[in-house]
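One structure below.
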Amino acid sequence: MLRRAMGLLARPVAAARARSFSTDLPAAQTADSTFVEAWNKVMPNMDPPKTPLSFMQPRPATPSSIPSKLTVNFVLPYASELTTKEVDMVIVPATTGQMGVLPGHVATITELKPGVLSVHKGNETTKYFISSGFVFIHANSFADIIAVEAVPLDQIDANLVQKGLAEFTQKLSSATTDLEKAEAQIGIDVHSALNSALTG
Amino acid sequence: MAALRREGRRFAPLISPRSITAVRSSPIAPTHEDEGPIGVRYISTQVVRNRMKSVKNIQKITKAMKMVAASKLRAVQSKTENSRGLWQPFTALLGDLPSVDVKKSVVVTISSDKGLCGGINSTSVKISKGIHKLNSGPEKETKYVVLGEKAKAQLIRDSKKDIELIITELQKNALNYTQVSVLADEILKNVEFDALRIVFNKFHSVVSFVPTVSTVLSPEIVEREAESGGKLGDLDNYEVEGGETKGEILQNLAEFQFSCVMFNAVLENACSEQGARMSAMDSSSRNAGDMLDRLTLTYNRTRQASITTELIEIISGASALEG
């Protein structure tokens, strides 16, 4: 009984407190009103669940003139590498080749292949090797790069790359099923990309 | 000292006047009464002492569980906060349409495997059932995919035929993206869906967990909504590069979105579970402490009453002898 009382206490406190957390700021549009109405009709006794809209950081609207800097969000499952960092240019390894993104780039959705991502700000360049992901370029010069793994180039060991490449080439030649062939091919792709990243 | 020793070995109640009002107000009175001759009522201190021992043990155990939950929370919390950036790009691109009208929706309920974590699992199940009701209608069907033992136990009771997949023992090894993406792959392969609704408890702080539902749409529905305008209307303005067709990229996008959102959801739920367990165990230790205080008072009163009784007997016996 005490537990339910605590739960009831927690929810209004949470609703009042939700605004003041710095980690999750409310967006201009905090909830989908059709959803809330439909919910209240079906389950009048329960508060509707929150949706990701209420936890989004709001994004600025498309400006009329091209902004001078590109704002980049580079996220990985276990860390956010760059959050709203203002840079001059990024070069992403899209499946169609290296793609340079400048402020004012047309809105695009692109899939990435294993390769080098370089972030240019002023005179300094930071390079990461990423293992595939997606990049969304929005009309307001915001770029979201979502990758599964990313390592700075200086943390890659060249010997291990060579060994891995040799291993996967050998696996491809000895592969029997389609699945094994596909896995070996992926291994070869990643390792040769790593190789060219280190040399190029 | 001698009085205490005597009291411990006493079996038959001695005759004594009914001035022991303290005994009647004790909370454990009815069941442990020893009714002696001439209607004298008092509680055996042995019983109270046993009860005090067990309550003290419970307090120790719940305090230890709270410490364990606190340390586990610290470990998961940093991972969770780092993963919060993962779903934001997808919502920025595709928006959030929980009220989308689809034929086949699948509710993915995330819960814990272990209990003693307060009410978070029941809240998740209630919300899942609410969404099921919301999406029911002619030609519409809603199925469940259940993660975690606690939700499985509750949902199997009345919605057994609607459950497609049950996955348990998620937290046996530490949560990582690879494991969750394999899980997401399994779900995507085996379940047909137009919209996936992931129900979980979002971790706000150690005392507040907000039930949340994240919606992931299948690529066909994304196309349909983009064409019909509305919230996804500017999706068509985005050029889709690479791949053979736009549909292929959107398919990959939907799958990637699902695995990312699942990863964040599973981590947030794990955090909420540890936080809820911490507060449940904390309130439990506090209750045990209160109960122990009350029992101690009862014990002391009983002890003093029996000592008083003995003294009265002795004195009255002595005064009778003197006569």
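One residue alone among B:310, B:268 is touching a helix residue (DSSP H, G or I) at 6+ places or on another chain (Cβ under 8 Å), buried (at least 19 other Cβ atoms within 10 Å of the Cβ) and in a helix (DSSP H, G or I), and that residue is B:268. Among the conditions (1) in contact with a His (Cβ under 9 Å, 6 or more places away or on another chain); (2) surrounded by fewer than 16 Cβ atoms within 10 Å (Cβ to Cβ), the only one that residue A:122 does not satisfy is (1). Inspection of region A:100-112 identifies at least one residue that is open to solvent by 50 Å² or more (accessible area, probe 1.4 Å), within 14 Å of chain B (Cβ to nearest Cβ), touching a strand residue (DSSP E or B) at 6+ places or on another chain (Cβ under 7 Å) and of a type outside the set (S, T, N, Q).
If you check B:249, B:198, B:221 for being open to solvent by less than 20 Å² (accessible area, probe 1.4 Å) and under 18 Å from residue B:109 (Cβ atoms), only one passes: B:198.
Taking residue B:287, is it within 31 Å of the chain's Cα centre (by Cα), touching a residue at least 60 places away in the same chain (Cβ under 8 Å) and surrounded by 15 or more Cβ atoms within 10 Å (Cβ to Cβ)? No: the conditions fail for residue B:287. In summary, residue A:91 fulfils each of the numbered conditions (1) touching a Gly at 6+ places or on another chain (Cβ under 9 Å); (2) β-branched (Val, Ile, Thr); (3) under 29 Å from residue B:199 (Cα atoms); (4) modelled with pLDDT of 90 or more with the single exception of condition (3). Reported count of residues in region A:34-56, each being more than 7 Å from chain B (Cβ to nearest Cβ), surrounded by fewer than 19 Cβ atoms within 10 Å (Cβ to Cβ) and part of a helix (DSSP H, G or I), is 4. Scanning region A:69-86 for residues that are more than 10 Å from chain B (Cβ to nearest Cβ) and under 17 Å from residue A:116 (Cα atoms) yields a total of 1. Taking the listed residues B:93, B:73, B:86, the one that is in contact (Cβ under 8 Å) with a residue 40 or more places away in the chain, more than 27 Å from residue B:166 (Cβ to Cβ) and either polar (S, T, N, Q) or open to solvent by less than 60 Å² (accessible area, probe 1.4 Å) (or both) is B:93, with no other qualifying.
Out of curiosity, is residue B:166 open to solvent by 60 Å² or more (accessible area, probe 1.4 Å) and touching a helix residue (DSSP H, G or I) at 6+ places or on another chain (Cβ under 9 Å)? Considered against the rule, which asks whether it is open to solvent by 60 Å² or more (accessible area, probe 1.4 Å) and touching a helix residue (DSSP H, G or I) at 6+ places or on another chain (Cβ under 9 Å), residue B:166 comes out as yes. Given the structure, is residue B:267 more than 37 Å from the chain's Cα centre (by Cα) and touching a residue at least 24 places away in the same chain (Cβ under 8 Å)? Answer is no for this residue. Residues that are at pLDDT 90 or above and surrounded by fewer than 16 Cβ atoms within 10 Å (Cβ to Cβ) within region B:150-163 comprise B:153, B:156, B:157, listed in sequence order. With respect to the conditions (1) within 30 Å of residue A:148 (Cα to Cα); (2) away from chain A (no Cβ under 14 Å), residue B:222 lacks only one, and its number is (2).
So, of the residues in region B:96-117 that are open to solvent by 20 Å² or more (accessible area, probe 1.4 Å) and of a type in the set (D, E, K, R), which turns out to be modelled with the lowest pLDDT? Checking each candidate, the answer is B:101.
The values are calculated or read from the model by the stated rules, or taken from the named source; none is laboratory data. Quantities reported herein were computed from a predicted structural model and do not represent experimental measurements. Note that we place each Cβ from the backbone using ideal geometry, even for glycine, and neighbour counts take in every protein chain shown. Ligands, DNA and RNA are excluded from the accessible area calculation, which covers all protein heavy atoms including side chains. Shrake-Rupley method; radii C 1.70, N 1.55, O 1.52, S 1.80 Å.
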